[in-house]
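So the structure is just underneath, and the comments pick up after that.
The values are calculated or read from the model by the stated rules, or taken from the named source; none is laboratory data. What you are looking at is a predicted structure, and each value in this text was computed from that prediction instead of being measured. With ideal geometry, Cβ positions are generated from the backbone for all residues, glycine too; neighbour counts draw on all protein chains shown. Surface accessibility is based on the protein's heavy atoms, side chains included, excluding ligands, DNA and RNA. Shrake-Rupley method; radii C 1.70, N 1.55, O 1.52, S 1.80 Å.
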Amino acid sequence: MCTGANYTTRDHYFGRNLDLEFSYNETVTVTPRNFPFEFRKADPLPTHHAIIGMATIADGYPLYYDATNEKGLSMAGLNFPENADYKPEAADKTNITPFEFIPWILGQFETVDEVKTALQTMSLVDISFSESFPLSPLHWIISDRTASITVESVKEGLKVYDNPIGVLTNNPTFDIQSFNLNNFMHLSKNPPEKHFSDALEFDVYSRGMGAIGLPGDLSSASRFVKAAFTKMNSVSGDSESESISQFFQILGSVAQQRGCVEVSPGKFEITIYSSCCNTDKGIYYYTTYENSQVSGVDMHKEDLDGKELAAYPLIKGQQIHLQN
Ligand SMILES: C[C@H](CCC(=O)NCCS(=O)(=O)O)[C@H]1CC[C@H]2[C@@H]3[C@H](O)C[C@@H]4C[C@H](O)CC[C@]4(C)[C@H]3C[C@H](O)[C@]12C
């Protein structure tokens with residue numbers, strides 16, 4: 001399971017939890033403007049916007065999970081098993097493979113509106129990267145500082161939903177996830193008021209009772225509601241420290257602790273990393289399951305006119321600051 005979200009204070013922030021039982025040796029990867037992007041069925045991009053994000057580098061190619069470009073457009077892929085349906089090559093479409101989708105979008109576009117137009121003639125085709133990296137069943141959240149969309153390639157075709165919540169988890173499809181929020185419209189950050197019966201007395205005996213009924217389990221439908229409630233009610237200062245902290249708190253509200261979700265005997269899904277990119281400054285912050293200290297990589301400290309990828313292995317061990 002995974003959760004992606006965006007958040008705006010003075011700057012715009014975008015990130016995700018990556019929840020899985022193993023890692024693909026991902027690194028924070030900067031792709032500079034002149035790294036030649038080849039596409040299996042579409043024209044190459046010899047020059048393009050620079051990109052920073054989390055990726056596995058395979059045969060010199062950055063397989064991005066989530067990323068932001070130098071214009072602030074951001075995008076993350078989240079698991080979408082049984083629903084993702086990629087198509088055979090179509091003569092009248094720009095055919096992009098799922099593993100090329102992030103580079104192709106972030107390489108060229110600056111806004112969600114531009115992406116929406118491009119998606120009208122794009123198809124996600126069923127071509128895998130290699131035998132060791134088969135197709136992943138994904139759907140995507142794409143955000144700029146004013147809007148988010150969700151993109152799902154399903155049996156009926158490519159669906160593009162406006163996503164005013166700015167949150168994405170996994171199954172079911174986005175239309176069902178957002179419809180489900182109707183069932184929670186009574187939740188509140190304020191103390192509850194009595195509507196039950198005038199004939200009974202009630203006691204608001206605890207803080208937080210206005211949100212009784214907010215799901216706390218780790219299913220993706222529940223994480224969608226929990227993350228949406230936490231994000232939509234979020235209050236923070238607008239400094240970098242306050243904004244990042246609030247963003248990691250939003251992701252923390254749906255993080256997975258080892259032991260709570262067993263995916264096969266003795267194997268547990270955990271939040272491998274949480275990311276928070278300041279999309280205006282191009283700084284990618286992250287924490288890992290065992291390292292709660294925030295680490296960061298600033299894309300503008302790299303040679304963005306270069307041709308070579310820059311990869312930063314994750315700092316995974318706990319960084320404890322002893323004070324005496
Ligand atoms: C599994 C990851 C998503 C995490 C998630 O949503 N887990 C929930 C599981 S579930 O719903 O509860 O079953 C996804 C996100 C990005 C994916 C990776 C990226 O797409 C990049 C490449 C793409 C290649 O085709 C496969 C390897 C891969 C390196 C992918 C492996 C895996 O599918 C990743 C890491």
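Numbers below:
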quantity	calculated
Of all accessible heavy-atom area on the chain, the percent that carbon and sulfur account for (1.4 Å)	51 percent
Kirkwood Rh in Å, taken over all unlike Cα pairs in the chain	20.6 Å
Calculated diffusion of the stretch 1-69, Stokes-Einstein form, Kirkwood radius summed over Cα pairs, 20 °C and 1.002 mPa s, µm²/s	156 µm²/s
The chain: antiparallel DSSP beta bridges as a percent of all, rounded to 5	95 percent
Separation of alpha-carbon centers, the stretch 263-277 and the stretch 1-24, rounded to whole Å	13 Å
Heavy atoms of D303: accessible area, 1.4 Å probe, square angstrom to 10	110 Å²
Accessible surface, per residue, of the chain when the full set of protein chains is kept, probe 1.4 Å, Å²	49 Å²
Length added when fully stretched, E82-N180, from 0.36 nm per residue minus Cα-Cα	33.3 nm
Cross-link table K87/K231; K41/K116; K71/K189; K71/K116; K87/K226, entries beyond 23 Å C-alpha to C-alpha	K87/K231; K71/K189; K87/K226
Mean ellipticity per residue at 222 nm, deg cm²/dmol - from DSSP H runs of n ≥ 4 across the chain, formula -39500 (n - 2.57)	-4500 deg cm²/dmol
Three-way shape label, the stretch 61-110, alpha-carbon gyration tensor, a/c 1.5	oblate
The chain, dipole about Cα centre (Lys/Arg Cβ +1, Asp/Glu Cβ -1), debye to the nearest 20	360 debye
Partner aspartates and glutamates for K301 [C-alpha distance under 17 Å; skip if fewer than 8 residues away on the same chain]	E70, D280
